[in-house]
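What follows is a short report on a single structure.
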Amino acid sequence: MDEKIKFMKAAIAQAKKAEAIEEVPVGAVIVYDGKIVARAHNKRNTKKDGTAHAEILAIAKAGKKLNRWNLSDCEMYVTLEPCAMCAGAAVNSRIKRIIFGAYDKRFGCCGSIMDITNSELNHKVEIVGGIMEEQCRVMLSSFFKKLRERAKNCSKQIDINE
């Protein structure tokens, strides 16, 4: 099996954990020397913390595991193109390469809307997008479709004339 597929499948497994706890299904893994050293999934609602994105949590775990902040010899696999905060965290932690699944046309900052990872900052991150893109995209779109349906059903159950 292609290494990119193998590690993206691990990130997807993390995204499914997020979905199981009603978090946006985004998962990330950090790979060092061909091995996963950190796994994480979104926990913004669980932790009541806007910074608890999968990428941020994975970077923190990798730093702790490797006992250093500089992750210049690590790759991050994530199911969704990182946002500005997560792309910035990858630059600041010197991640070598980000491999992501689905492109994010609303918030993506690894090329879709802007490219923080290859800007005038002092570190550049290699970007590979679209790995297992359809599976990642479908997982996200079905999650948000279910959320909209649930919200619609809840509003139908409320009778404002009561």
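Structure values in brief
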| item | result |
| --- | --- |
| Every residue from region 115-139 that is modelled with pLDDT of 95 or more, open to solvent by 70 Å² or more (accessible area, probe 1.4 Å) and assigned to a loop (DSSP other than H, G, I, E, B) | LYS124 |
| Unmet requirement for GLU3, which otherwise passes all of (1) surrounded by fewer than 17 Cβ atoms within 10 Å (Cβ to Cβ); (2) within 11 Å of the chain's Cα centre (by Cα) | (2) |
| Unmet requirement for PHE107, which otherwise passes all of (1) over 16 Å from ALA58 (Cβ atoms); (2) open to solvent by less than 50 Å² (accessible area, probe 1.4 Å); (3) aromatic (Phe, Trp, Tyr) | (2) |
| Among the candidates SER155, SER142, SER93, SER112, residue that is at pLDDT below 95 and either of a type outside the set (Ser, Thr, Tyr) or surrounded by 12 or more Cβ atoms within 10 Å (Cβ to Cβ) (or both) | SER142 |
| Members of region 6-53 that are open to solvent by less than 70 Å² (accessible area, probe 1.4 Å) and hydroxyl-bearing (Ser, Thr, Tyr) | THR51 |
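The values are calculated or read from the model by the stated rules, or taken from the named source; none is laboratory data. Here the structure is a predicted model, which means the values were calculated and not measured. Note: ideal-geometry Cβ built from the backbone for every residue, glycine included; neighbour counts use all protein chains shown. Quick note on the areas: whole protein, heavy atoms, side chains included, nothing else; ligands and nucleic acids left out. Shrake-Rupley method; radii C 1.70, N 1.55, O 1.52, S 1.80 Å.
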